[in-house]
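Novice: Below you'll find the structure I mean.
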Amino acid sequence: MAKEKTQYTCTDCGGITPKWLGKCPSCNAWNTLLETAVDSSGPTKNRYAGMAALAPASEVAILSDIEAQDVARTPTGQEELDRVLGGGMVQGGVVLIGGDPGIGKSTLILQAMDGLQRSGMSTLYVTGEESAAQVALRSRRLGLDHSQVQVLAETQLEKILATVDKLQPAVVVMDSIQTVYSDQLTSAPGSVAQVRECASHLTRMAKSTGTAVVLVGHVTKEGALAGPRVLEHMVDTVLYFEGDTHSTYRLVRAIKNRFGAVNEIGVFAMTEKGLKGVSNPSAIFLSQHAEPVPGSCVLVTLEGTRPLLVEIQALVDSGGPSPRRLSVGLDRDRLAMLLAVLHRHAGVACMDQDVFVNAVGGVRISEPAADLAVMLSIQSSLRGKPLPQGFIAFGEVGLAGEVRPAPRGQERLKEAAKLGFTVAIIPKANAPKKPIPGMTVHAVERVDEAIGLVRELG
Ligand code: TYD
Ligand code: MG
């Protein structure tokens, strides 16, 4: 293939310059010029035609006349992974799976590929980080002794695409996207320009051939995938690993999914024989205290479609002149807001105190329904008094001190009752019409009501 020339394209305005410049001459933005390949077939041909080729028909049609086909999915055999994918791998779908190094990306993908291969799909695992022998070693460790997955150790995009063309596999994995490079760019593998260019070529290949593509990506220290976010827009599904490498549990969350629900999470346990799905994860994020302790409140959260019980821990301790507010697994700005609401609407003051809040088990809670549990754990730590035995809470809190309903309150209460919890403080609008066996439910409208109730209860 003739070596193509490169040019620089502004990521903000799309302006093009032949040379790299610090500032885009068209829109004057700094550091936005990225190296891109110039297509030798002429400037009129759109290099990205076909990227959105899911529906190649170009004629105008009436929506109701278009035959809506459900996408064909093949389950990977890893139930928890299938759950986040929305049922399985989709033909021509592109999945990006990101996470910290060592969290289990390669392990999970290899297990999934073996499952797909067993169900009769031809799979190609392209490894750019490890040698084929290392991949084989891992597969033995995973107990996949007779695996028929095809392995290619290669990092040059053009060669990879040629192999894909020859083998015509149903699924291709690129582990990792940061190791691939295209001949047509001069920048180093792993640079934003290379990652972007290679991912767009692979995406185009997926759309034009119907091959499903899985891109494995490392997350940088700042928490962004190298090739900042550009890949997220290109692909159909974005999955991220959560949880820390030190704990046994790993969470895989769908951040974006064109073929399924977002925020769905899959829960896995890392064992000697790879990742095993945890089909009933509701109780794994509770630390088992023999007796209730101050500063701990169990929250029933709904991440995706399953209710999970997560322990929220708070530690309030006298701080210096500028007290600290730290949160792990919860939004820090939200914490600052909740502290202000606590002070203003419930008279609980933490101005001169350090406040630390943690969601147990490395789980990240994004829904506002965690507010009430966060507040109650803070107040409990401040008073040095535990919440009652078997206590749970959920509900969003507004700036005016009102407690707003959480979606699907009944389901949350039922799950908690099933796990032996007996007392709940919840938003008034979530109050169950019929009593829930074994559960005393206190429905509140305002934060001060909730705080007052807790003082009465224990
Ligand atoms: P890996 O899948 O290589 O991580 P990534 O591709 O995300 O960088 O997983 C590496 C970690 O998983 C490593 O620390 C060892 C551990 N592990 C197990 O505990 N059990 C296993 O069966 C395997 C294969 C790995
Ligand atoms: Mg890996």
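The values are calculated or read from the model by the stated rules, or taken from the named source; none is laboratory data. Not measured: the values here are computed from a predicted model. Glycine also receives a Cβ, built like all others from the backbone with ideal geometry; neighbour counts cover every protein chain displayed. Note: areas computed on protein heavy atoms with side chains; ligands, DNA, RNA excluded. Shrake-Rupley method; radii C 1.70, N 1.55, O 1.52, S 1.80 Å.
Novice: Under unit Cβ charges (Lys, Arg +1; Asp, Glu -1), what dipole magnitude, rounded to 20 debye, does the stretch 74-279 have relative to its Cα centre?
Specialist: Values: 19 positive and 21 negative charges, 43 e Å.
Roughly 200 debye for the stretch 74-279.
Novice: Let me check I've understood the local charge: for Gly320, count other residues with C-beta under 10 angstrom from its C-beta, Lys and Arg +1, Asp and Glu -1. What total comes out?
Specialist: With Lys, Arg at +1 and Asp, Glu at -1, the neighbours total -1.
Novice: Which angle between 0 and 90 degrees, to the nearest 10, do you get for helix 447-457 versus the longest principal axis of the chain when only C-alpha atoms count?
Specialist: Value to nearest ten degrees: 60.
Novice: Can you tell which of Ser247, Leu202, His218 lies farthest toward the positive end of the dipole of the stretch 74-279, using +1 and -1 charges on the Cβ of basic and acidic side chains (Lys, Arg; Asp, Glu)?
Specialist: Leu202
Novice: Based on the Kirkwood radius over alpha-carbon pairs, what is the Stokes-Einstein translational diffusion coefficient of the stretch 74-279 at 4 °C with 1.567 mPa s viscosity, in µm²/s?
Specialist: Details: Rh = 16.7 Å.
Here the translational diffusion coefficient equals 78 µm²/s.
Novice: Sticking with this structure for a sec: Just to confirm, what accessible area per residue do you get for the chain at 1.4 Å probe, in whole Å²?
Specialist: Value returned for the chain: 47 Å² of accessible area per residue.
Novice: I want the antiparallel fraction of DSSP beta bridges within the stretch 296-457, as a percent rounded to 5.
Specialist: Roughly 55 percent of the DSSP beta bridges within the stretch 296-457 come out antiparallel.
Novice: In degrees, nearest 10, range 0 to 90: what is the angle between the Cα axis of helix 157-167 and the longest Cα principal axis of the chain?
Specialist: Taking the Cα atoms of the chain, the angle to 157-167 is about 80 degrees.
Novice: Compute the FRET efficiency between Ala429 and Val60 as 1/(1 + (r/R0)^6), taking r as their Cβ-Cβ distance and R0 = 60 Å, and round to the nearest 0.05.
Specialist: Computed FRET efficiency for Ala429 and Val60 comes out at 0.85.
Novice: What number, in nm² with one decimal, is the all-direction average of the projected area of the convex hull of the alpha-carbon atoms of the stretch 265-395? Mind dumping the intermediate values first?
Specialist: Numbers: hull surface 35.9 nm².
Averaged projected area of the stretch 265-395's Cα convex hull equals 9.0 nm².
Novice: Take a quick pass over the stretch 74-279 and tell me how many lysine pairs come in under 24 angstrom between Cα atoms, counting only ones 8 or more apart or on separate chains.
Specialist: 11
Novice: Here is a further query. Under unit Cβ charges (Lys, Arg +1; Asp, Glu -1), what dipole magnitude, rounded to 20 debye, does the chain have relative to its Cα centre?
Specialist: In total the dipole reaches around 140 debye.
Novice: Where q = 0.06 Å⁻¹, what log10 of I(q)/I(0) comes from the Debye formula for the chain, counting one point per Cα?
Specialist: Calculated log10 I(q)/I(0) at the listed q: -0.34.
Novice: Residue separation times 0.36 nm, minus the C-alpha to C-alpha distance between Arg141 and Leu419: what's the value?
Specialist: Contour length minus Cα-Cα distance gives 96.6 nm.
Novice: Normalised by the residues of the chain, what does the relative contact order come to in percent, with Cα pairs under 8 Å and at least six apart?
Specialist: 12 percent
Novice: Please give the net charge around Tyr8, taking every other residue with its beta carbon less than 10 angstrom from that of Tyr8, where Lys and Arg add +1 and Asp and Glu add -1.
Specialist: 0
Novice: With viscosity set to 0.890 mPa s and temperature to 25 °C, compute the Stokes-Einstein D of the stretch 365-411, Rh being the Kirkwood radius across alpha carbon pairs; µm²/s, no decimals.
Specialist: Stokes-Einstein gives a translational diffusion coefficient of 212 µm²/s.
Novice: Just to check I understand the Karplus step: with θ = phi - 60° and J = 6.51 cos²θ - 1.76 cosθ + 1.60, what whole-Hz values come out for the stretch 294-309, glycine and proline as x?
Specialist: x, x, 10, 9, 8, 10, 9, 10, 10, 9, x, 9, 10, x, 10, 9
Novice: Something else: Would you calculate the separation in nanometres between label points at Ala283 and Leu326, each defined as 7 Å from the Cα along the Cα-to-beta-carbon direction?
Specialist: 3.1 nm
Novice: A further question follows. Just to verify a number: FRET efficiency for His233 and Arg455, C-beta to C-beta distance, R0 = 60 Å, to 0.05?
Specialist: E(calc), rounded to 0.05, equals 0.75.
Novice: Write out the cysteines belonging to the chain for which the nearest other cysteine Cβ is not under 4.7 Å, or none if no such cysteine exists.
Specialist: For the chain, the answer is Cys198, Cys297, Cys350, because their Cβ atoms have no other cysteine Cβ under 4.7 Å.
Novice: Given the options Pro432, Pro368, Ser381, identify the residue whose Cα lies farthest towards the positive end of the charge dipole of the stretch 296-457 (+1 on Cβ of Lys, Arg; -1 on Cβ of Asp, Glu).
Specialist: Pro432
Novice: Working only with C-alpha atoms, what are the Rg and Dmax values of the stretch 64-153, expressed in angstrom?
Specialist: 14.8, 53
Novice: Once the dipole of the chain is set up with Lys and Arg at +1 and Asp and Glu at -1 on Cβ about the Cα centre, which of Leu185, Met270, Gly420 lies farthest towards its positive end?
Specialist: So the residue we want is Gly420.
Novice: Residue separation times 0.36 nm, minus the C-alpha to C-alpha distance between Cys13 and Val293: what's the value? Write out the running numbers ahead of the final one.
Specialist: Values: separation 280, 0.36 × 280 = 100.80 nm, distance 5.54 nm.
Net length gain for the segment: 95.3 nm.
Novice: Given +1 on the Cβ of Lys and Arg, -1 on the Cβ of Asp and Glu, and no further charges, what dipole in debye does the stretch 371-437 carry about its Cα centre, rounded to the nearest 20? Don't skip to the end; give the middle numbers.
Specialist: On the way: 10 positive and 5 negative charges, 51 e Å.
Taking the Cα centre of the stretch 371-437 as origin, the dipole is about 240 debye.
Novice: Given H placed 1.01 Å from N in the peptide plane, which residues other than close sequence neighbours of Ala72 have an amide H under 5 Å from its amide H?
Specialist: Gln91
Novice: Right, next: Can you give me the distance in nm between label points at Thr305 and Ala349, each placed 7 Å from the Cα along the Cα-to-Cβ direction?
Specialist: Computed distance between label sites Thr305 and Ala349 equals 5.0 nm.
Novice: Students sometimes get this wrong: rank Asp70, Asp244, Asp114 by accessible area, probe 1.4 Å, all chains present, largest first.
Specialist: The most accessible residue leads, giving Asp70, Asp244, Asp114.
Novice: Given a Förster distance of 25 angstrom, what is the FRET efficiency for Asn28 paired with Asp333, based on the Cβ-Cβ distance and rounded to 0.05? Kindly include the intermediate steps, with their values, before the conclusion.
Specialist: Numbers: r = 31 Å, r/R0 = 1.24.
After rounding to 0.05, the efficiency reads 0.20.
Novice: Right, another one. Non-local amide H neighbours of Val328 (under 5 Å, H modeled in plane, Pro and chain starts lacking H): which ones?
Specialist: Placed amide hydrogens put Val357, Asn358, Ala359 under 5 Å from Val328.
Novice: Further, regarding this structure: How many nm separate the modelled label positions at Asp70 and Glu272, each set 7 Å beyond the Cα in the direction of the Cβ?
Specialist: 4.2 nm
Novice: Moving to a separate point now. Looking only at the chain, where both bridge partners belong to it, what percent of the DSSP beta bridges are antiparallel (to the nearest 5)? Don't skip to the end; give the middle numbers.
Specialist: Numbers: 44 of 84 bridges.
Roughly 50 percent of the DSSP beta bridges within the chain come out antiparallel.
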